[in-house]
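A quick write-up on the structure given underneath.
The values are calculated or read from the model by the stated rules, or taken from the named source; none is laboratory data. This is a predicted model, so every value here is computed, not measured. Here the Cβ positions follow ideal geometry from the backbone for every residue, glycine too, while neighbour counts run over all protein chains shown. Just so you know, the surface numbers come from the protein's heavy atoms only, side chains and all, with ligands and any DNA or RNA stripped out. Shrake-Rupley method; radii C 1.70, N 1.55, O 1.52, S 1.80 Å.
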Protein chains: 2
Amino acid sequence: MGGVSAAVGRPSRRSDALSRERIIATAVAILDADGESALTFRSLAAALATGPGAIYWHVANKDELLAAATDAIVAGVTAAAPADASPHDQIRTVALGLFDAIDAHPWIGSHLAREPWQLASMRIVEAMGSRLTDLGAPAAQHFNVATALASYVCGAAAQNAANARSASPDVDRDTALATAARRWTELDEAEFPFVRRIAAQLPGHDDREQFLAGVDLILAGTARP
Amino acid sequence: MGGVSAAVGRPSRRSDALSRERIIATAVAILDADGESALTFRSLAAALATGPGAIYWHVANKDELLAAATDAIVAGVTAAAPADASPHDQIRTVALGLFDAIDAHPWIGSHLAREPWQLASMRIVEAMGSRLTDLGAPAAQHFNVATALASYVCGAAAQNAANARSASPDVDRDTALATAARRWTELDEAEFPFVRRIAAQLPGHDDREQFLAGVDLILAGTARP
DNA sequence: ACCTGAACACCGTTCAAGT
DNA sequence: ACCTGAACACCGTTCAAGT
């Protein structure tokens, strides 16, 4: 403790000093407000009232920035465990929480698909896998079931988010679904008989229920006690 | 037929004339040879011996170019049906074919996640769903099972491809898995008990078997005849 | 130790001008 | 109808120079 003089004479640190946390929080704010294309080292620097080069002192590059932003959101969801519910319901709750979070922050979806063993993905595998013992699944299945659930959740949620994002904001959901259903029925009958048949179920279907049905399928496939 | 004079006096079309097909085929070649970052309107134009602006006459933008390139590969996989196998084996074969195709062309993975209802995704849903009747799944389940399978296949394959891509080429698979396993065991015990426990199964596991296990879980979860 | 901002080496896309 | 290529409006990233 002796001899440290640099910080003594200085006024207390400005509350708006740069830091990794503040950079990531600001990045999340930009991503949420204006989408993935709005996050730029220049726009981020402007929001932080500094130059683009300053950010590189705290963050290696844009990929690391996105990974950190993704982890911040995912950690918030997986940490909120229901605890008193059945293991099946716990898994459903966490999965749905991730689905909603990716729907609310669509940029997570694009990133999760390309950072497989990063911290955020590990949190998802942990959230799924740690409930499998209570569920009664045999230990030999745990690895495959947990990673299958994680893959499904990421894949389905990313596609749902991309879908919601690509919809023009001035078209309501019902007419968008009706348009999609009509396009499905216009596909070639010889090549797409199945898609044409299920097109009728597209309007009025619930995205979250459809998502949970997939989770239930995987859980139903695991051996029961 | 009368009065058309423009094409008459001309020499026969050069075989290297620009066309949508040639543009997409060349784009696939660049993507496969040097990866996603190598595909540029400038590099593509150079490979086609023209200027970047010429490409825009045949393709609306880069997204459409990637969608068309993705569809070209996916169509090749879903069209190759086994026919004489059991419906379960047919689904496994198509799923594994997609897994291998995405492993061989990793750029498909990143694109599939963000073009949900595009033609390539429809082909995957069709390939899965059209076998469900023979499998004995009740019609009420078809919609959910087919889309769940498609989401899982895309999600798992995209992550696998991203994983393979991020591995440095001078490190062999065994040591890469060993390194990943060690990193898993170094995670916080309180936060990641499950991941630490399954880390031992990481070395020596087979990516394709793990992938197929997920397909089997979903199929096992569907009601049987 | 940390910040600044000009500069480098690129992008996707457009568009007047050509044939 | 289709092609050309310069130009526009950007990017991520680096780095000498500052404090």
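When B:D174 is tested against the conditions (1) out of contact with any Pro (no Cβ under 8 Å at 6 or more places or on another chain); (2) surrounded by fewer than 22 Cβ atoms within 10 Å (Cβ to Cβ), the lone failure is (1).
Each residue in region B:153-168 was checked for being surrounded by 24 or more Cβ atoms within 10 Å (Cβ to Cβ) and facing chain A (nearest Cβ under 7 Å), and 5 of them qualify. Restrict the check to region B:139-160 and report whether at least one residue is at pLDDT 90 or above, out of contact with any helix residue (DSSP H, G or I) (no Cβ under 9 Å at 6 or more places or on another chain) and under 30 Å from B:P87 (Cβ atoms). Yes, that holds for at least one residue. I'd like to check something: does region A:134-142 contain any residue that is in a loop (DSSP other than H, G, I, E, B), assigned by TED's automatic domain parsing to the domain that holds A:W107, open to solvent by 10 Å² or more (accessible area, probe 1.4 Å) and acidic (D, E)? The answer is no, given that none of the residues of region A:134-142 is in a loop (DSSP other than H, G, I, E, B), assigned by TED's automatic domain parsing to the domain that holds A:W107, open to solvent by 10 Å² or more (accessible area, probe 1.4 Å) and acidic (D, E). In region B:8-25, of all residues being at pLDDT 95 or above and of a type in the set (V, I, T), the one that is farthest from DNA strand C (Cβ to nearest atom) corresponds to B:I24. The residues listed here are B:W107, B:W117; of these, the one that is surrounded by 18 or more Cβ atoms within 10 Å (Cβ to Cβ), closer than 26 Å to A:L112 by Cα and among the hydrophobic types (A, V, I, L, M, F, W, C) is B:W107. Would it be correct to say that B:A54 is within 16 Å of DNA strand C (Cβ to nearest atom) and not assigned by TED's automatic domain parsing to the domain that holds B:A148? Yes: the conditions hold for B:A54.
I'd like to check something: does region B:127-145 contain any residue that is out of contact with any Ser or Thr (no Cβ under 9 Å at 6 or more places or on another chain) and more than 9 Å from chain A (Cβ to nearest Cβ)? Scanning region B:127-145 turns up at least one residue that is out of contact with any Ser or Thr (no Cβ under 9 Å at 6 or more places or on another chain) and more than 9 Å from chain A (Cβ to nearest Cβ). Looking across B:A213, B:A220, B:A199, one residue alone is in a helix (DSSP H, G or I), in contact with a helix residue (DSSP H, G or I) (Cβ under 6 Å, 6 or more places away or on another chain) and more than 8 Å from chain A (Cβ to nearest Cβ). It is B:A199. Can you name every residue in region B:44-76 that is outside any helix (DSSP H, G or I), away from every other protein chain (no Cβ under 14 Å) and more than 11 Å from DNA strand D (Cβ to nearest atom)? If the condition is that a residue be outside any helix (DSSP H, G or I), away from every other protein chain (no Cβ under 14 Å) and more than 11 Å from DNA strand D (Cβ to nearest atom), then B:A60 is the only one that fits. Taken over region A:44-65, the residue count meeting the criterion of being touching a residue at least 24 places away in the same chain (Cβ under 8 Å) and open to solvent by less than 20 Å² (accessible area, probe 1.4 Å) is 4.
Put simply, of B:D100, B:D84, B:D89 the only residue that is surrounded by fewer than 21 Cβ atoms within 10 Å (Cβ to Cβ) and part of a loop (DSSP other than H, G, I, E, B) is B:D84. Looking across region A:32-43 at every residue that is open to solvent by less than 60 Å² (accessible area, probe 1.4 Å) and part of a helix (DSSP H, G or I), the one that is nearest to DNA strand C (Cβ to nearest atom) is identified as A:F41. For A:I91, the test of being more than 11 Å from chain B (Cβ to nearest Cβ) and within 14 Å of A:V153 (Cα to Cα) is passed.
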